[in-house]
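Notes follow once the structure below has been shown.
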Amino acid sequence: MHNKHDVNDTNAEERTRSDPWRRALRRQALARRVALSAEECAQHSRAVCAHLQQHFPQLAALRVGFCWPMKNEPDLRPLLETWFATGSASYAPLLPVVVAADSPLSFRAWTPGMPLDVDRYGIPTPASGDFLVPQALLIPLVAFDDAGFRLGYGGGYFDRTLTALQPRPLAIGIGFELCRVDTIHPEPHDARLDAIVTEAGVRFFE
């Protein structure tokens, strides 16, 4: 297990909120996650799914946006498929669709085994279907801190989405402990999450 201080500069004067600092943090955190073995990633993913199932049973009755796992992100599909088989009629797993750059995400329903197209970012996404409004979002984390802020891939899509959707959906960050840092130095556009789930457990935020 890596120490959370590894990607932080121990000299506070050298820690800035600049884009170069965030780019460096993003590269280092991604490198750690990608370095996980397939077995480690699968084990951590199972633990994340178990925590979600235990602490957020209400998701099995909601429209839940999630992301197709990329670059060793937690794989939530087994849990979503379980809810698909056993959840209420109101449950629907949704995948994000990028309709325009610098815009909030849209979402379409996903069903296990359905054909998917690859979008401009190389991510599988439904090619057709009605757009639905998520009631909860399971948001991947490149890096995160104990104040409830996340660092993503740099596109700002989820921050814009959380700002645009009213009422705001339940926002749950999904990641692994090895990407936890002291602070991401949140900026005004960074949206605080309601909770963060990793293989170690759940953190809730006001």
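Just so it is clear, none of the values below were taken in a lab; they were calculated from the coordinates. Model, not experiment: these values are computed from the prediction. Cβ atoms come from the backbone with ideal geometry, glycine included; neighbour counts cover every protein chain shown.
Counting neighbouring Cβ atoms within 10 Å and putting the fewest first, the residues V181, V34, V197, V98 line up as V34, V98, V181, V197. Quick one: angle between helix 38-55 and the longest Cα principal axis of the chain, in degrees between 0 and 90, rounded to 10, please. On a 0 to 90 degree scale, this one is about 70. Under 10 Å, Cα contacts only: if you run a Gaussian network model on the chain, which one of R120, R46, R192 comes out with the highest mean-square fluctuation? In this elastic network of the chain, the residue with the biggest mean-square fluctuation among R120, R46, R192 is R120.
Have a look at P96, P74, P112 and tell me which one the Gaussian network model of the chain (Cα, springs below 10 Å) gives the largest fluctuation. So, out of P96, P74, P112, the one fluctuating most is P112. Comparing P93, P124, G113 along the charge dipole axis of the range 12-204, the residue lying farthest to the positive side is P124, per the Cβ-charge model. Put in line by how crowded their Cβ is, counting other Cβ atoms within 10 Å and starting with the fewest, L116, L62 read L116, L62.
In a simple Cβ point-charge model (Lys, Arg +1; Asp, Glu -1; nothing else charged), the chain has a dipole of about 240 debye relative to its Cα centre. With volume of the Cα convex hull per residue in Å³ as the read-out, I listed (i) 124; (ii) 200; (iii) 101; which label goes with the value calculated from this structure? The value matching this structure is (i). Comparing A50, A61, A38 in a Gaussian network model of the chain where C-alpha atoms under 10 Å apart are linked, the largest mean-square fluctuation is found at A38.
With runs of 4+ DSSP H residues as the only contributors, calculate the mean residue ellipticity of the chain at 222 nm using -39,500 (n - 2.57) per run, divided by the residue total and rounded to the nearest 500.
Numbers: 4 runs with 52 residues, N = 206.
Computed mean residue ellipticity for the chain: -8000 deg cm²/dmol.
Under the definition of Cα pairs under 8 Å and six or more residues apart, what whole-number percent is the relative contact order of the chain? This gives 24 percent for the chain.
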